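S.K.: To start, I am sharing the structure in question, which I have written as structure tokens.
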Amino acid sequence: MTAVRNFDSIISADSHVYEPSDLWEKALGDRFGERTPRTIYDYQGEEGTYFYSGYQGLPVTKIRQGTAYDSTNAARIQANEKGFSACGVDPAVRVAFQIEAGLDAEVLNPTTMHAIMRNPDVEVLKACSEVYNDWESEFVSHDPRRLIGVSVVPLHDVDWAVKELDRTMKKGLLNPTINCQAPDGCVPYRDRSYDPFWAAASEAGVPITLHILTGRVLDTLILARTDQTQEEREGNPGSWIDLSSEIQNVLANDFIFGGILDRFPGLKICCSEFEVSWVPGFMARLDQIEVIAPRLEVPTLKMKASEYMRSRVWHGFIDDTAAAFCIPFVGADQVLWGSDFPHTRSMGLEVHTELGDLLESMTKEDQEKVVSASAAKLFNWSKE
């Protein structure tokens, strides 16, 4: 057992599984032919092991199976060395890892399925989502208290999405993930055509997750390893910033000023892995919009614009060194820590020590909320 225990309870509000790379190929057979997400060994003339998501080749060997030690994947390497290499695919190993690390529970988001969520082929996307949801529900059934399941419910087909939400909730997946921004070819989320889905989630009381890398901005860590031109590579720093900032547009345009949160007062939004230090400045800008609302022709809201960020939206971070700064503005009840394990930059077996260092400037009460209590309330989790 790890000696250091700085917290009475820790819940990671954003961790990940690693789906088997042949999951969809086995489940779907030849139903979609070459459109099926699968492992391939050549992408655009370059040999290697890739996962083809239906629109892009992801370099598996470099992203998911790298063994070289560096500061970005130290947690995963250490876990592998301690015998937990299968914790992304084996629920029993994952629970053993949690016990060793001193974690009470993890919200388990997908990995590869996040890439498939950007697939513009709607029929393939819906079928892949169903396959993933079945696999995830079986994974978390091993220990539903420790393993908090996440469903994937894209909104390209709202009637299907409402049915899939109901189906997956019955299978124990009470945390649906949608694309963090309406995909290309779809109307913005503020359009009333999505209202049946918001109504269903609101009535069920389940939080909707908007996870980084599921919108229109692509992961520069992946693109830099595939087919980018030199000019595109030089724009990667700005693209990395865009990954975190695209959530601000959808919150402002759709959920707040687009009226979704006003129309559905029970709806809860969880912004996962976008970090939190941007939130205070964003809240100030929201209130500025209200001041000049007549000139912008925006609707009148039921409460101050920034208040939605304090009561209806939850904010997840991994290693944001300015996280403590945002607490007086948004409140610790709305802030969630997530390990992101076993991804890049994640925290693993040394989580108590690393979190203790990261959050040392917070009060003890705020620390407990950020690392456990806020997530327990949002995801309706109980230690018993």
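The values are calculated or read from the model by the stated rules, or taken from the named source; none is laboratory data. Quick caveat: nothing in here was measured; it's all calculated off a predicted structure. Heads up, the Cβs are rebuilt from the backbone with ideal geometry, glycines too, and the neighbour counts pull from every protein chain shown.
S.K.: Run down ASP30, ASP42, ASP70 and say which single residue is modelled with pLDDT under 85, acidic (Asp, Glu), on the phi < 0 side of the Ramachandran plot and not in a strand (DSSP E or B). Can you show your working first?
M.R.: Numbers: ASP30 fails: modelled with pLDDT under 85; ASP42 fails: not in a strand (DSSP E or B).
Unique residue meeting the criteria: ASP70.
S.K.: Next question, about the same structure. Within the stretch 281-296, is even one residue within 30 Å of SER339 (Cα to Cα), touching a residue at least 40 places away in the same chain (Cβ under 8 Å) and either part of a loop (DSSP other than H, G, I, E, B) or more than 17 Å from the chain's Cα centre (by Cα) (or both)? Steps first, answer last, please.
M.R.: Residues of the stretch 281-296 that are within 30 Å of SER339 (Cα to Cα), as a first pass: 281-286.
With touching a residue at least 40 places away in the same chain (Cβ under 8 Å) added as a condition, the list becomes 283.
Filter again for either part of a loop (DSSP other than H, G, I, E, B) or more than 17 Å from the chain's Cα centre (by Cα) (or both), leaving 283.
Checked against the condition, which is being within 30 Å of SER339 (Cα to Cα), touching a residue at least 40 places away in the same chain (Cβ under 8 Å) and either part of a loop (DSSP other than H, G, I, E, B) or more than 17 Å from the chain's Cα centre (by Cα) (or both), the stretch 281-296 yields at least one hit.
S.K.: Surrounded by fewer than 19 Cβ atoms within 10 Å (Cβ to Cβ) and polar (S, T, N, Q): does that describe SER141? Let's see the steps before the verdict.
M.R.: Numbers: surrounded by fewer than 19 Cβ atoms within 10 Å (Cβ to Cβ): yes; polar (S, T, N, Q): yes.
In short, yes.
S.K.: Conditions first: (1) under 25 Å from ALA101 (Cα atoms); (2) outside any loop (DSSP other than H, G, I, E, B). PHE325 passes all but one, so which condition is the exception?
M.R.: Evaluating PHE325 over (1) under 25 Å from ALA101 (Cα atoms); (2) outside any loop (DSSP other than H, G, I, E, B) leaves (1) as the failure.
S.K.: Could you tell me how many of the residues in the stretch 243-263 are of a type in the set (Phe, Trp, Tyr) and either touching an Asp or Glu at 6+ places or on another chain (Cβ under 8 Å) or over 16 Å from PRO207 (Cβ atoms) (or both)?
M.R.: Final tally of qualifying residues: 1.
S.K.: Can you pull out every residue in the stretch 237-280 that is part of a loop (DSSP other than H, G, I, E, B) and polar (S, T, N, Q)?
M.R.: Selection gives SER277 alone.
S.K.: Take the conditions within 19 Å of the chain's Cα centre (by Cα) and acidic (Asp, Glu) and apply them to ASP14. Does it pass?
M.R.: So ASP14 passes the test.
S.K.: Looking at the stretch 97-109 only, could you name the residues that are under 20 Å from THR209 (Cα atoms) and either touching a Lys or Arg at 6+ places or on another chain (Cβ under 6 Å) or not in a strand (DSSP E or B) (or both)? Reasoning before the result, please.
M.R.: Going residue by residue through the stretch 97-109, those that are under 20 Å from THR209 (Cα atoms) are 105-109.
ALA105, the sole residue that qualifies.
S.K.: Scan the helices (runs of 4 or more DSSP H) fully inside the stretch 110-178 and keep the ones with 1 or more residues being aromatic (Phe, Trp, Tyr).
M.R.: Working: elements: 112-116, 122-140, 158-170.
Because the criterion is at least 1 residues that are aromatic (Phe, Trp, Tyr), the helices (runs of 4 or more DSSP H) in the stretch 110-178 that meet it are 122-140, 158-170.
S.K.: Answer with yes or no whether PRO188 is at pLDDT 95 or above, surrounded by fewer than 19 Cβ atoms within 10 Å (Cβ to Cβ) and either more than 19 Å from the chain's Cα centre (by Cα) or small (Gly, Ala, Ser) (or both). First the steps, then the outcome.
M.R.: Working: at pLDDT 95 or above: yes; surrounded by fewer than 19 Cβ atoms within 10 Å (Cβ to Cβ): yes; either more than 19 Å from the chain's Cα centre (by Cα) or small (Gly, Ala, Ser) (or both): yes.
For PRO188, the condition - at pLDDT 95 or above, surrounded by fewer than 19 Cβ atoms within 10 Å (Cβ to Cβ) and either more than 19 Å from the chain's Cα centre (by Cα) or small (Gly, Ala, Ser) (or both) - is met.
S.K.: When the stretch 11-39 is examined, which residues are found to be of a type outside the set (S, T, N, Q), out of contact with any Asp or Glu (no Cβ under 6 Å at 6 or more places or on another chain) and under 22 Å from ARG94 (Cβ atoms)?
M.R.: Passing the criteria: ALA13, HIS16, VAL17, TYR18, GLU19, PRO20, ASP22, LEU23, TRP24, LYS26, ALA27.
S.K.: Specify the residue that is surrounded by the most Cβ atoms within 10 Å (Cβ to Cβ); the eligible residues are those in the stretch 331-355 that are part of a helix (DSSP H, G or I) and within 20 Å of the chain's Cα centre (by Cα). Spell out the reasoning first.
M.R.: Start the filter on the stretch 331-355 by keeping residues that are part of a helix (DSSP H, G or I), which leaves 332-334, 351-355.
Those still in the list that are within 20 Å of the chain's Cα centre (by Cα) too: 332-334, 351, 355.
Details: ALA332: 22, ASP333: 17, GLN334: 24, VAL351: 26, LEU355: 21.
Of everything passing the filter in the stretch 331-355, VAL351 is surrounded by the most Cβ atoms within 10 Å (Cβ to Cβ).
S.K.: Still on this structure, I have one more. Restricting the search to the stretch 204-241, which residues are modelled with pLDDT of 80 or more and either in contact with a His (Cβ under 6 Å, 6 or more places away or on another chain) or under 23 Å from ALA13 (Cβ atoms) (or both)?
M.R.: ALA204, GLY205, VAL206, PRO207, ILE208, THR209, LEU210, HIS211, ILE212, LEU213, THR214, GLY215
S.K.: Identify, by number, the condition in (1) within 17 Å of the chain's Cα centre (by Cα); (2) surrounded by fewer than 24 Cβ atoms within 10 Å (Cβ to Cβ) that VAL150 doesn't meet.
M.R.: If we test VAL150 against (1) within 17 Å of the chain's Cα centre (by Cα); (2) surrounded by fewer than 24 Cβ atoms within 10 Å (Cβ to Cβ), just (2) comes out false.
S.K.: Can you pull out every residue in the stretch 1-27 that is surrounded by 14 or more Cβ atoms within 10 Å (Cβ to Cβ) and not in a loop (DSSP other than H, G, I, E, B)?
M.R.: Across the stretch 1-27, the qualifying residues are ILE11, SER12, ALA13, ASP14, SER15, HIS16, LEU23, TRP24, GLU25, ALA27.
S.K.: Now a separate question. Would you call PHE51 closer than 16 Å to SER12 by Cβ, outside any helix (DSSP H, G or I) and either modelled with pLDDT under 90 or more than 21 Å from the chain's Cα centre (by Cα) (or both)? Break it down into steps so the answer makes sense when it comes.
M.R.: Working: closer than 16 Å to SER12 by Cβ: no; outside any helix (DSSP H, G or I): yes; either modelled with pLDDT under 90 or more than 21 Å from the chain's Cα centre (by Cα) (or both): yes.
Answer is no for this residue.
S.K.: Right, another one. Show the residue pairs meeting these rules: Cβ distance below 8 Å; 6+ apart or different chains; first residue within the stretch 89-103 and more than 15 Å from ALA75 (Cα to Cα); second residue part of a helix (DSSP H, G or I).
M.R.: Hits for this filter: PRO91/PHE139; PRO91/VAL140.
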